[in-house]
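Inspection log for the structure reproduced underneath, given as structure tokens.
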Amino acid sequence: MFQESDVRAKKHLGQHFLKDAQFAQRIAEALSPAACSGLVLEIGPGTGALTRPLMERLEQPPFGLELDRESVAYLVESKTLPADHVLEQDLLKWSPADHPAFREAPFALVGNFPYNISSQILFWTLDHRGQIPELVGMFQKEVAERVVAPHGSKTYGILSVLIQLHYEATYLFTVPPGAFNPPPKVQSGVIRLAQKPSPPEHLDYSHLKGVVKAAFNQRRKTLRNALRSGGFDVSNVPESTLGLRAEQLSPEDFAGLARLLPSR
């Protein structure tokens, strides 16, 4: 039998295994009743610290998407998850269309997410936002705070705008380094994203993303200069807006701005 002690946390995968059952329970309990009754995908289940309280709360076992072969072997051999619910995959190379259970069904995303790909996971979530009504997960605290940051703050940025336009973002609680093995050098934060009932209408997401990235890539410049540098024609944008900087616009302001700008 492959033992939990045989699974080594790997630095190149950004692994820090959660060992404090209290925090695992709190993450599982943060999922809404609607999410618990449906399909759930756990990213990076590792040795199952979060998987076990999820199994107790969900109406059906979650699927676990795990890149680490040692963790996959442990999850299967220990029967932490049914073997057909363990997917040995890299999330950033995986699509819901790759698995019959996820092709068209909505699913909640949950996990103690690897810190080295935190931003990529959030952008992946946005790319599949039509299928993901809810996310509950742990990130490096700095990333978690950036997601929920209000406009006007220093941490407000690209992810803040894109996520807050599509989801209600809530910072739930902080997790100290000692709750992990090995302990990370940073604190962690757990957030919940709940899909907004009315996302931005008549707005192409790729165009919106391009506008927001152009604005924040040169955040010290006014929007006039930042957007021009990003290749946008700003002739339709009011002067009162062009004189502002990116962090001064709310997510809704960015949606309005994107509607005024022709595609590059």
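Read the figures in this text as sums done on the coordinates, not as results from a lab. Just so you know, these numbers come straight off a predicted model, no measurement behind them. Don't worry about glycine lacking a Cβ; one is built from the backbone with ideal geometry, like all the others, and counts go over all protein chains shown.
Using a/c under 1.5 as the rounded threshold, could you call the range 42-121 rounded, prolate or oblate? The axes a ≥ b ≥ c are square roots of the C-alpha gyration tensor eigenvalues, and prolate needs a/b larger than b/c, oblate otherwise. Intermediate values should be presented prior to the final figure.
Values: a/c = 1.36, a/b = 1.12, b/c = 1.22.
Rounded, because the longest to shortest axis ratio a/c is under 1.5.
Select from the range 64-112 those GluC sites (Glu not before Pro) which occupy a DSSP coil region and have at most 16 other Cβ atoms within 10 Å, ordered by residue number. If you can, show how the numbers build up before the last one.
On the way: sites: 66, 70, 77, 88, 104; in loops: 104.
Passing both the DSSP loop test and the Cβ count: 104.
Per the helix-only calculation at 222 nm, which mean residue ellipticity applies to the chain, given -39500 (n - 2.57) for every DSSP H run of n ≥ 4 and division by its residues, nearest 500 deg cm²/dmol?
Working: 11 runs with 90 residues, N = 264.
Mean residue ellipticity at 222 nm (helix-derived): -9000 deg cm²/dmol.
With the crude spin-label approximation of a point 7 Å out along Cα→Cβ, what separation in nm comes out for residue 203 versus residue 229?
Each label point is offset 7 Å from its Cα along the Cβ direction, giving 2.4 nm.
Among 229, 207, 260, pick out the residue whose Cα is farthest towards the positive end of the charge dipole of the range 205-260, where Lys and Arg carry +1 and Asp and Glu carry -1 on C-beta, about the Cα centre.
229
What translational diffusion coefficient, to the nearest whole µm²/s, does the range 47-201 have by Stokes-Einstein, given a Kirkwood radius computed over alpha-carbon pairs, a temperature of 20 °C and 1.002 mPa s viscosity? If you can, show how the numbers build up before the last one.
Details: Rh = 16.6 Å.
Stokes-Einstein gives a translational diffusion coefficient of 129 µm²/s.
In whole Hz, what ³J(HN,Hα) sequence does the range 232-248 give by Karplus (6.51, -1.76, 1.60; θ = phi - 60°), x for Gly and Pro?
Residue by residue, the range 232-248 yields 9, 8, 9, 5, 8, 8, x, 4, 4, 7, 5, x, 8, 9, 4, 5, 7 Hz.
Identify which of the listed values of P(r) over Cα pairs in 5 Å bins from 0, in percent was calculated from the structure shown: (i) 1, 6, 14, 18, 20, 18, 13, 7, 2, 0, 0; (ii) 1, 6, 13, 16, 17, 15, 11, 8, 6, 4, 2, 1, 0, 0; (iii) 1, 6, 10, 13, 14, 14, 13, 11, 8, 6, 3, 1, 0, 0.
Evaluating P(r) over Cα pairs in 5 Å bins from 0, in percent on these atoms matches (ii).
Between the alpha-carbon centers of the range 71-135 and the range 1-69, tell me the distance in whole angstrom.
A separation of 11 Å, based on Cα centres.
Averaging the inverse of every distinct alpha carbon separation and then flipping it gives the Kirkwood radius. What is it for the range 108-264, in angstrom units?
Working: mean 1/r = 0.0612 Å⁻¹.
This gives a value of 16.3 Å.
List the relative contact order of the chain as a percent without decimals, with contacts defined as Cα pairs under 8 Å and 6+ residues apart. Please list the in-between numbers first.
On the way: 471 pairs, mean separation 42.3, N = 264.
In percent, rounded to a whole number, it is 16.
Around residue 113, which amide H atoms from residues at least 5 apart in sequence, or from another chain, sit under 5 Å from its own amide H, with H modelled in the peptide plane?
Placed amide hydrogens put 138 under 5 Å from residue 113.
Given H placed 1.01 Å from N in the peptide plane, which residues other than close sequence neighbours of residue 180 have an amide H under 5 Å from its amide H?
19
To the nearest 0.05, what FRET efficiency results for residue 173 and residue 90 with a Förster distance of 22 Å applied to their C-beta separation? The partial results should precede the final answer.
Details: r = 29 Å, r/R0 = 1.30.
Approximately 0.15, to the nearest 0.05.
Name the residue from 118, 82, 71 whose Cα lies farthest towards the positive end of the charge dipole of the range 70-133, charges +1 on Cβ of Lys and Arg and -1 on Cβ of Asp and Glu.
Farthest towards the positive pole: 118.
Using amide H atoms built in the peptide plane, which far-off residues or other-chain residues are under 5 Å from residue 167 H to H?
Residues meeting the criterion, in which the H sits 1.01 Å from N, are 196.
How charged is the neighbourhood of residue 244? Take every other residue with its Cβ under 15 Å from the Cβ of residue 244, and add Lys/Arg as +1 and Asp/Glu as -1. Please list the in-between numbers first.
Details: positive: 219, 220, 221, 224, 228, 245; negative: 239, 247, 252, 253.
Taking every Cβ under 15 Å from that of residue 244, the sum is +2.
Please list 3J(HN,Hα) in residue order for the range 101-114, calculated via the Karplus relation 6.51 cos²θ - 1.76 cosθ + 1.60 where θ = phi - 60°; whole Hz, with x for glycine and proline.
So the J values, rounded to whole Hz, are 5, 10, 4, 10, 7, x, 8, 8, 10, 9, x, 8, 6, x.
Tell me which lysines have Cα within less than 30 Å of residue 141's Cα, excluding those fewer than 8 residues away on the same chain?
10, 11, 19, 93, 154, 185, 196, 209, 213, 221
Can you give me the convex hull volume of the Cα atoms of the range 205-260, divided per residue and expressed in Å³? Show your work: numbers first, answer last.
On the way: hull volume 3.7 nm³, N = 56.
Roughly 67 Å³ of hull volume per residue.
Between residue 69 and residue 116, how high is the FRET efficiency from 1/(1 + (r/R0)^6) when r is the Cβ-Cβ distance and R₀ = 30 Å? Nearest 0.05. Present the calculation step by step, with values, prior to reporting the outcome.
On the way: r = 18 Å, r/R0 = 0.60.
Once the sixth-power term is evaluated, E becomes 0.95.
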